[in-house]
Amino acid sequence: MPKSSIYLTIFSSVLFFGYSLSFALSNYESVSKKVSEFRSLVLIESHSEQLRKTNFLFSLFFSLVYLSILYFTGYVFWFLGLVLLKLVLSLCFSDYFQKLVLKKEGSLSKRFYVFMKTDSFVNAFLALFTPLIILL
C-alpha cells in the first residue's frame, strides 16, 4: 500500500465526511429555502435539464475518483463493492432530488427530507469509517 494513496484516502474521506455532515446537520427550513432559491435561479436560466445532467456527471466523476483512490489504497473487493453500491444509491437519490426540485412547484416534503438526511448520515459514517480501517 503506497503512502501517497493512504494520504489521499484520508484526505478525500475527510472532505467527503465534511460535505456529508454539513448537509446532515442542516435543518428543514434551511434546505427548503435553498431549494426555492435554486428553483427560481434555474427558472431564470432555463437550462434545468442541462444543469441536472452536468451535476450528475460531476457527482459520478467524483464518486469514481474516490472509488479509484480506495482501490489503489488496497481495500478488499467486497468493501469496494459496498462503497460502490452506496455511492450509486446516493447518486440516484441525488438525481431524483434534482428532478423533484426542478419539476415540482411545491416545497420539499418532510418525508423526502428525512430520506436525504439519512443518506447524508450514512455517507458521513462511511467516510469516517473508511480511513479508520487504515489507521486501526
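The values are calculated or read from the model by the stated rules, or taken from the named source; none is laboratory data. Owing to the predicted nature of the structure, the values given are computational and were not obtained by experimental measurement. Methodologically, a virtual Cβ is constructed for each residue, glycine included, from the backbone with ideal geometry; neighbour enumeration extends over all protein chains shown.
Observations
- Among residues of the stretch 20-59 being modelled with pLDDT under 80 and assigned to a loop (DSSP other than H, G, I, E, B), the one that is surrounded by the most Cβ atoms within 10 Å (Cβ to Cβ) is 47.
- Matching residues, the stretch 61-97, being aromatic (Phe, Trp, Tyr), over 17 Å from residue 131 (Cα atoms) and touching a helix residue (DSSP H, G or I) at 6+ places or on another chain (Cβ under 8 Å): 93, 97
- Scanning the stretch 114-131 for residues that are free of Cβ contacts under 8 Å to residues at least 24 places away in the same chain and within 11 Å of residue 17 (Cβ to Cβ) returns 125, 129.
- Residue within the stretch 80-102 that is over 18 Å from the mean Cα position of the chain (by Cα), in a helix (DSSP H, G or I) and modelled with pLDDT of 90 or more present: no
- Some residue of the stretch 122-129 being touching a Phe, Trp or Tyr at 6+ places or on another chain (Cβ under 8 Å), under 20 Å from residue 8 (Cβ atoms) and among the aromatic types (Phe, Trp, Tyr): no
- Members of the stretch 96-113 that are free of Cβ contacts under 8 Å to residues at least 60 places away in the same chain and crowded, with 16+ Cβ neighbours inside 10 Å: 97, 98
- Verdict on residue 8 being within 30 Å of residue 135 (Cα to Cα) and surrounded by 13 or more Cβ atoms within 10 Å (Cβ to Cβ): yes
- Pick from the stretch 66-78, criterion part of a helix (DSSP H, G or I) and free of Cβ contacts under 8 Å to residues at least 40 places away in the same chain, ranking: nearest to residue 98 (Cα to Cα): 67
- Within the set 114, 76, 101, 83, the sole residue that is closer than 18 Å to residue 12 by Cβ and of a type in the set (Val, Ile, Thr) turns out to be 83.
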